[in-house]
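Before any comments, here is the structure.
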Amino acid sequence: MVHRDYVPYPLPQRVIINNNNMKQAILSILLLLAAIMPMKAANITVDGTNRSYNVYAPNNLGENRPLLIFCHGYNQDANWMQNSEFKNETVSMEAVCDTAKFVVVFPNGIDKSWDISGNRDINFVKAIIEKMVTQYKIDRNRVYLGGFSMGGMFTYHTMNKIPDLIAAFAPVSGYPMGGATAGANVRPIPILHIHGTGDETCSFSGAQPALNVWINHNGCPTTAKVKSNYNGFSGAKLHVWGPGNDGVEVRLLELANKGHWICKEPQVYTGKEIWNFCKNYSLNRTNPSVSITSPKAGSRIISFAPQGATQFPDITITATADDSNGTVEKVDFYDGTTLLATCTAKPYTATLTGAATGKHTLKVVATDNDGETGTATIEVTLQAPSAFSPSASFTEGGAVPAGWTTFDSSERRSGYSNGYSSGCRVLQFTGSSRGFNYGLYFRNISGNAHEGWAKFGLADAGTTLSLAPGHYTLTYKICNWNMSNYGAVELNVETRTGSSIASQTYTPNINIGNVASNNFSSPTQQTFEFDVSEQDDYVIAVYSAASQWSDCIVGQLILKANSYTSTGISDATRLNHKEQILNNKVFDLQGRQIENSKLSNTQLRQGLYIKNGRKVLVK
């Protein structure tokens with residue numbers, strides 16, 4: 001039997017060779033090979049090193065069109081990314097580009113990997129952008145970047161490094177393994193993160209902590225809008241946080257049971273999803289830029305008070321607004337759909353008064369001279385509990401939770417923040433037997449008294465803890481982390497100015513042993529009872545021992561109001577100004593007369609008082 005090699009394309013017909021038809025034959029063969037050979041990588045020199053990439057530009061591209069740069073995973077390359085991961089039987093990235101008219105570049109990492117901590121590949125990306133501007137006249141303001149696996153890790157790295165060059169980011173199945181961070185001066189960043197729940201290389205569980213950093217940084221609502229059966233695909237669920245400052249969104253496209261690969265389902269084709277998200281963003285916004293500077297996104301006010309007597313303090317909302325191609329004509333402030341105030345000049349500020357218990361969406365809308373608008377929103381939660389757990393937010397390793405602040409005599413950290421692999425932070429315990437799953441670790445490096453602590457309720461952590469006069473119980477569990485001889489722990493209830501109203505000292509009898517996977521038994525629940533005599537904002541403070549490198553793990557805290565001080569007076573009058581109670585005898589709820597000197601200045605605190613036999617609430 002004669003075997004023939006398979007030829008996918010017809011061979012040229014036999015020709016008689018002469019000089020003219022020889023040239024034509026060679027040209028035909030070259031054109032045929034060009035048609036069937038895969039795209040060759042282009043080259044560029046960056047920092048003295050020859051770098052390569054694949055580029056696809058549609059026919060009739062035109063000028064000022066967008067650019068998408070997408071980075072391969074570890075031990076992959078641009079050809080694999082372009083020809084295997086971004087193609088199936090019915091759709092390809094090139095088809096998306098042909099329809100939407102944008103350029104896509106698949107760069108090659110050195111040794112099939114990416115520099116996810118330095119500037120080597122940051123400079124490569126910058127050089128690609130410049131080359132595309134020269135070669136295809138792409139729009140600098142519409143450059144987008146994404147990546148798969150290690151390329152996704154690199155995508156997070158670029159968010160802090162070149163946010164002024166990239167309009168939107170799309171990491172797929174990758175995130176910083178050491179925890180994400182967001183630079184304080186980085187603009188609000190739009191992110192679409194795509195991840196499969198069955199990923200065994202980069203676990204799906206790590207995606208949310210990374211996104212939380214940027215949700216918080218962007219001022220996005222902390223509660224996502226969720227759409228199941230996304231695009232009619234039963235395995236897809238879309239989570240949307242936003243809009244936040246500058247109207248940006250953070251999105252998570254969750255793919256049930258998908259592993260560590262690019263999703264190429266017709267309903268949820270990764271390349272198309274990335275384009276449909278990124279195309280909404282540009283660096284040269286023509287609409288106003290607006291952000292809420294106060295209160296902090298995710299702020300909470302927790303107010304313990306007798307039933308029916310809860311009064312939340314006024315909430316001052318401040319915002320910034322600018323317009324790059326015009327002027328800001330007005331800034332409107334909303335609580336949900338209720339208009340609070342309209343400002344036509346700086347400073348842009350409004351006040352929310354008499355707010356009810358629950359979650360409030362505070363929205364600011366800036367309108368420019370062209371009638372275009374920019375929007376920023378944050379969520380603020382007002383709670384009036386009879387019991388509350390300050391440790392309920394201990395659900396994420398490597399984070400300092402919202403409401404908490406830590407200090408180790410060297411570094412102060414405030415929640416919500418994330419990305420910590422050492423120092424004060426929440427630890428996740430994984431031993432087969434353990435006292436609790438998560439605990440907040442803090443330490444004292446110097447050994448000086450009260451220089452290693454964790455506190456709940458300080459202003460910089462975004463949570464206010466207001467306590468009415470009454471009798472309270474705080475239950476807690478505490479152990480040491482790396483103190484075989486144990487170290488005493490001091491608990492305090494303090495005012496925000498640092499004055500202690502009650503304290504308790506406890507010496508743990510469990511030491512975990514400096515390894516999160518160690519087994520340890522459950523610490524005995526401790527009870528700390530204390531009285532509050534004056535309405536005020538308070539702080540729960542936990543101090544490690546006054547010895548160098550002393551430490552503590554605290555968890556499972558519950559604060560409960562046992563009873564409130566009764567006045568026997570059933571009605572309350574709300575006073576907006578302290579001066580309104582001058583020239584009258586005023587008593588606190590314990591029957592002690594307030595000195596006139598305190599009535600006439602800022603020494604008089606907010607709270608309930610007795611005036612002329614009536615209960616009054618002073619704001």
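The values are calculated or read from the model by the stated rules, or taken from the named source; none is laboratory data. The structure presented is a predicted model; accordingly, all values stated were derived computationally and were not measured. Cβ atoms come from the backbone with ideal geometry, glycine included; neighbour counts cover every protein chain shown. What goes into the accessible areas is simple: the full protein's heavy atoms, side chains included, and nothing from ligands, DNA or RNA. Shrake-Rupley method; radii C 1.70, N 1.55, O 1.52, S 1.80 Å.
Take S422 and tell me if it is part of a loop (DSSP other than H, G, I, E, B), open to solvent by less than 50 Å² (accessible area, probe 1.4 Å) and more than 19 Å from F312 (Cβ to Cβ). Criteria not met by S422.
A quick yes/no check of all residues on (1) more than 20 Å from M159 (Cα to Cα); (2) open to solvent by 10 Å² or more (accessible area, probe 1.4 Å); (3) under 28 Å from the mean Cα position of the chain (by Cα); (4) of a type in the set (G, A, S):
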residue	(1), (2), (3), (4)
T49	yes, yes, no, no
C71	no, no, yes, no
D77	yes, yes, no, no
A95	yes, yes, no, yes
A100	yes, yes, no, yes
I116	no, yes, yes, no
N123	no, yes, yes, no
A127	no, yes, no, yes
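Of the residues making up the stretch 441-468, those that are open to solvent by 20 Å² or more (accessible area, probe 1.4 Å), in contact with a strand residue (DSSP E or B) (Cβ under 8 Å, 6 or more places away or on another chain) and within 30 Å of P306 (Cβ to Cβ) are K455, L458, D460, T464. Exactly one residue out of N280, N229, N276 is open to solvent by 50 Å² or more (accessible area, probe 1.4 Å), on the phi > 0 side of the Ramachandran plot, out of contact with any helix residue (DSSP H, G or I) (no Cβ under 8 Å at 6 or more places or on another chain) and not charged (D, E, K, R): that is N229.
Given the condition without any contact (Cβ under 8 Å) to a residue 12 or more places away in the chain, of a type in the set (V, I, T) and part of a helix (DSSP H, G or I), answer yes or no: does some residue in the stretch 101-118 qualify? I'd like the intermediate steps shown before the answer.
Of all residues in the stretch 101-118, those without any contact (Cβ under 8 Å) to a residue 12 or more places away in the chain come to 111, 118.
Filter again for of a type in the set (V, I, T), leaving none.
No: the stretch 101-118 contains no residue that is without any contact (Cβ under 8 Å) to a residue 12 or more places away in the chain, of a type in the set (V, I, T) and part of a helix (DSSP H, G or I).
Residues that are assigned to a strand (DSSP E or B) and either more than 22 Å from the chain's Cα centre (by Cα) or within 22 Å of S550 (Cβ to Cβ) (or both) within the stretch 390-419 comprise V400, W404, T405, T406, F407, R412, R413, S414, listed in sequence order.
What number of residues within the stretch 363-389 are small (G, A, S) and under 19 Å from the mean Cα position of the chain (by Cα)? Working first, answer last.
Taking the stretch 363-389 as the starting set, the residues that turn out to be small (G, A, S) are 366, 371, 374, 376, 384, 386-387, 389.
Among the residues that remain, those that are also under 19 Å from the mean Cα position of the chain (by Cα) are: 376.
Here the count works out to 1.
Yes or no: T320 assigned to a strand (DSSP E or B), open to solvent by 20 Å² or more (accessible area, probe 1.4 Å), at pLDDT below 95 and touching a strand residue (DSSP E or B) at 6+ places or on another chain (Cβ under 9 Å)? Here the answer is yes, as T320 does meet what is asked.
Return yes or no: is N325 surrounded by 20 or more Cβ atoms within 10 Å (Cβ to Cβ), at pLDDT below 95 and not in a strand (DSSP E or B)? Considered against the rule, which asks whether it is surrounded by 20 or more Cβ atoms within 10 Å (Cβ to Cβ), at pLDDT below 95 and not in a strand (DSSP E or B), N325 comes out as no.
In the stretch 178-188 there is at least one residue that is surrounded by fewer than 24 Cβ atoms within 10 Å (Cβ to Cβ) and among the hydroxyl-bearing types (S, T, Y).
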